[in-house]
Amino acid sequence: MANVIAIILAAGKGTRMKSDLVKVMHPVGGQPMICWPVEVAREAGAEKVVLVTGHQSETVREFFANAPDIVFALQEEQLGTGHAVACAREACAGFGGTVVILSGDVPLLRAETVQAMVAHHEERAAAVTVLTTQVCDPFGYGRIVKREGGRILRIVEEKDATEEERGITEINAGIYCVNAAFLFDAVTRLDNRNRQGEYYLTDIVKAASEQNELCVSFSVSDADEVMGVNDRVQLAQAASVVRGRINRDLMLSGITIVDPATAYIEKQVSIGRDTTIHPNVHISGNTIIGAGCVIEPGAVIRACTIGKGVTVKTGTVMTDSVLHDEVSVGPMAHLRPGTVLHSHVKIGNFVETKKIEMGEGSKASHLTYLGDATIGSDVNVGCGTITCNYDGVRKHRTVIGDGVFVGSDVQFVAPVTIGCNSLIAAGTTVTKDVPPDSLAIARSPQVNKEGWKLKKK
Ligand code: UD1
Ligand code: CA
């Protein structure tokens, strides 16, 4: 959209959140709430985004430190939404087009809605267009007071409304299109003679009608889109709507989600078709999952890259790991950062891995810790194997060649290297390198004392 600037109001504290963290930084769908309107402004094609910050301004600014398209305006004292817009005046100096005003606490708005609203505003050559919707319970929102013919006369806040006005169910979403010249003149003329002693942005509507400027509404039917987040009940509701949208898109693109109400998948996640997501799965960060995978109940996957045909079994937790095609992990496996599993690797229950690479077809099926290790292909790691990678000061690597068979209850005291095709006998504590094709055994010989039990009696 040419000739459109977006101003996003985000200076308020969010008193009703009862939080030490400023409201707009509370996460919704895996990112701070403020990211949603910022993305809407960008997607809608605003040439500039002015973010009005105030309360915990530094936290918000730091978050967007690497976003060159965002300009900040400081509202030192939070004197109301009208005052907040007035603080953005300098950042918009010389601009003569349409200003889209978004609210930092309205995360569910769609870019298409903003585009349609701008078109509506410009076609009618209105001074102000207010985004509105009909709700069953208008409590807490500004009510739209209209004149016959559909023009908006004024907006009245809950706290200032008469009994009759409270009955109005068309509410102000807090999203507007305003002619720039009219806006920056109107916001300097506001007063704060109201129940909250604030400079209300909503009063520009009254100013417009008094000056015979056109003020119209643009109505959305999906009330979710304009839901404001003021407390933690609404925060949870907004998060649930975001999840619903993400899950719906995934399902329509060919992914089976067994119970969408309990699939917690973040926006950046990409999933291939015919993958099945079972209940209570959490997938976050820049995770990529290939086609035809099965993610069983309770899996937690953060920032992982997963190939095709992978099975992640119940209760498995993985972070920053790479799983190639046809890998199987879990149930109850823990893959920590830096785990790379090549195709057809099998990791079984109660196995923990960290900074390891495991070659094609290798297995660690039960109860094992593998850290700081390079393991070749077709290696069998027996039950109860431990890489002793930490000497109390430094971490050391274990290197295991292709085709090695590691018996049960083996400890590798790193640094140590095992040559290809060797066999490590069960119960061995490996403290020296093992050459290829060898048997390594380190355990005290067994002594059987016959008749011992009878003598005891
Ligand atoms: C506002 C509207 C109300 C509308 C509702 C929709 C006014 C007076 N009221 O009420 O008609 O129905 O939004 O959600 O505008 N902010 C600042 N500086 C301030 C005050 C607020 O930047 O001095 C920011 C807040 O951080 C927030 C947004 O403006 O992101 C809205 O403020 P909030 O106090 O939540 O307004 P509401 O009472 O919800
Ligand atoms: Ca609000």
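Only residues that are more than 24 Å from I204 (Cα to Cα), outside any loop (DSSP other than H, G, I, E, B) and of a type in the set (G, A, S) were counted across the stretch 53-68, and they come to 1. Screening L102 on (1) more than 15 Å from ligand 2 (Cβ to nearest atom); (2) crowded, with 23+ Cβ neighbours inside 10 Å; (3) in a strand (DSSP E or B); (4) not hydroxyl-bearing (S, T, Y) shows it passes everything except condition (1).
Conditions (1) outside any strand (DSSP E or B); (2) of a type outside the set (F, W, Y), marked per residue:
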{"site": "P107", "(1), (2)": "yes, yes"}
{"site": "V114", "(1), (2)": "yes, yes"}
{"site": "A119", "(1), (2)": "yes, yes"}
{"site": "V130", "(1), (2)": "no, yes"}
{"site": "Y141", "(1), (2)": "yes, no"}
{"site": "R154", "(1), (2)": "no, yes"}
{"site": "C177", "(1), (2)": "no, yes"}
{"site": "L183", "(1), (2)": "yes, yes"}
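Test V71 against the criterion of being part of a strand (DSSP E or B) and over 23 Å from D203 (Cα atoms), and give yes or no. When the stated conditions are applied, V71 passes them.
If you check I295, I283, I265 for being of a type in the set (A, V, I, L, M), within 23 Å of S365 (Cβ to Cβ) and either over 19 Å from the mean Cα position of the chain (by Cα) or in the same structural domain as H342 (by TED's automatic domain parsing) (or both), only one passes: I295.
When V205 is tested against (1) assigned to a loop (DSSP other than H, G, I, E, B); (2) closer than 28 Å to A93 by Cβ, just one condition goes unmet, and that condition is (1). The residue of the stretch 170-192 that is farthest from C136 (Cα to Cα), among those that are small (G, A, S) and away from ligand 2 (no atom under 16 Å from the Cβ), is A181. Given the criteria surrounded by 17 or more Cβ atoms within 10 Å (Cβ to Cβ), assigned to a strand (DSSP E or B) and either in contact with a helix residue (DSSP H, G or I) (Cβ under 7 Å, 6 or more places away or on another chain) or in the same structural domain as V130 (by TED's automatic domain parsing) (or both), does S217 qualify? Spelling it out, S217 is indeed surrounded by 17 or more Cβ atoms within 10 Å (Cβ to Cβ), assigned to a strand (DSSP E or B) and either in contact with a helix residue (DSSP H, G or I) (Cβ under 7 Å, 6 or more places away or on another chain) or in the same structural domain as V130 (by TED's automatic domain parsing) (or both). The criterion of being away from ligand 2 (no atom under 14 Å from the Cβ) and either touching a Cys at 6+ places or on another chain (Cβ under 8 Å) or closer than 20 Å to L190 by Cα (or both) does not hold for R110. Annotation: A41 fulfils all but one of (1) within 27 Å of V241 (Cβ to Cβ); (2) within 12 Å of ligand 1 (Cβ to nearest atom); (3) among the small types (G, A, S); the unmet one is (2).
Residues of the stretch 119-133 include none that is within 16 Å of ligand 2 (Cβ to nearest atom), within 29 Å of S221 (Cβ to Cβ), surrounded by fewer than 18 Cβ atoms within 10 Å (Cβ to Cβ) and without any contact (Cβ under 8 Å) to a residue 40 or more places away in the chain. Could you tell me whether the stretch 202-219 includes any residue that is away from ligand 1 (no atom under 14 Å from the Cβ), in contact with an Asp or Glu (Cβ under 6 Å, 6 or more places away or on another chain) and under 28 Å from L108 (Cβ atoms)? Checked against the condition, which is being away from ligand 1 (no atom under 14 Å from the Cβ), in contact with an Asp or Glu (Cβ under 6 Å, 6 or more places away or on another chain) and under 28 Å from L108 (Cβ atoms), the stretch 202-219 yields no hits at all. Quick check on my filter: what residues within the stretch 74-99 are away from ligand 2 (no atom under 16 Å from the Cβ) and outside any loop (DSSP other than H, G, I, E, B)? Within the stretch 74-99, L74, A86, C87, E90, A91, C92, T98, V99 meet the criteria.
Taking the criterion of being in a loop (DSSP other than H, G, I, E, B), surrounded by fewer than 19 Cβ atoms within 10 Å (Cβ to Cβ) and within 12 Å of ligand 2 (Cβ to nearest atom), the only residue of the stretch 6-21 that qualifies is K13.
Taking the stretch 371-421 as the region of interest, the strands (runs of 3 or more DSSP E) fully inside it that hold 1 or more residues being closer than 20 Å to H342 by Cα and under 39 Å from the mean Cα position of the chain (by Cα) are 386-388, 398-400.
Among the conditions (1) free of Cβ contacts under 8 Å to residues at least 24 places away in the same chain; (2) closer than 14 Å to A440 by Cα, F412 misses just one, which is (1). Of all residues in the stretch 91-106, those being touching a strand residue (DSSP E or B) at 6+ places or on another chain (Cβ under 7 Å) and more than 10 Å from ligand 1 (Cβ to nearest atom) number 7.
The values are calculated or read from the model by the stated rules, or taken from the named source; none is laboratory data. In this text the structure is predicted, and so the values were computed from the model without any measurement. In this analysis, Cβ positions are derived from the backbone assuming ideal geometry, glycine residues included, and neighbour counts consider all displayed protein chains.
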